[in-house]
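A.B. asks: Got a structure for you, written out below as structure tokens; questions coming shortly.
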Amino acid sequence: MDKVFRQCETENLHVNRKISGIANSFLSTEKQLRQCEDHNICNCGEYAMNKFKQIISNYEQMDVTSAATKALGELDILLDWLDAY
């Protein structure tokens, strides 16, 4: 989240507010996932962790601004994947 949302500031105040709202939603989701993991009730398993590492690896190979823009543009894919688990 820090890698993406901190890099996505635009000159458009309306867009910045929308991005901030998305970031806040992810903070809430992250908190819930951490609680799930802390109480050992997470079903994510090794598959999810491998996918997460793959996403981070691909992200780090890109220019920071381009990667952040791409990540925001592909949120629907991520959300669909999360919804499946």
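A.B. asks: What pairs come out if I take residues in the stretch 50-62 that are closer than 16 Å to Leu72 by Cα and pair them with residues that are open to solvent by less than 90 Å² (accessible area, probe 1.4 Å) and assigned to a helix (DSSP H, G or I) whose C-beta lies under 6 Å away, six or more apart or interchain?
C.D. replies: Tyr59/Ala67
A.B. asks: Now for a different question. From the residues in the stretch 10-21 that are part of a helix (DSSP H, G or I) and open to solvent by 60 Å² or more (accessible area, probe 1.4 Å), which one is modelled with the lowest pLDDT? Walk me through how you get there before you give the answer.
C.D. replies: Taking the stretch 10-21 as the starting set, the residues that turn out to be part of a helix (DSSP H, G or I) are 13-21.
Within this subset, residues satisfying the condition of being open to solvent by 60 Å² or more (accessible area, probe 1.4 Å) are 13-14, 17-18.
On the way: Leu13: 87, His14: 86, Arg17: 84, Lys18: 79.
Among those residues, the one meeting the criterion is Lys18.
A.B. asks: So for the stretch 28-42 (the condition being in a helix (DSSP H, G or I), surrounded by 13 or more Cβ atoms within 10 Å (Cβ to Cβ), within 13 Å of the chain's Cα centre (by Cα) and modelled with pLDDT of 75 or more), does at least one residue qualify?
C.D. replies: Among the residues of the stretch 28-42, not one is in a helix (DSSP H, G or I), surrounded by 13 or more Cβ atoms within 10 Å (Cβ to Cβ), within 13 Å of the chain's Cα centre (by Cα) and modelled with pLDDT of 75 or more, which makes the answer no.
The values are calculated or read from the model by the stated rules, or taken from the named source; none is laboratory data. Since the structure is predicted, the reported quantities are computational estimates derived from the model, not experimental observations. A quick note on method: Cβ atoms are made from the backbone with ideal geometry, for glycine too, and the neighbour counts reach across all protein chains shown. Side chains included, ligands, DNA and RNA excluded: accessible areas come from the protein's heavy atoms. Shrake-Rupley method; radii C 1.70, N 1.55, O 1.52, S 1.80 Å.
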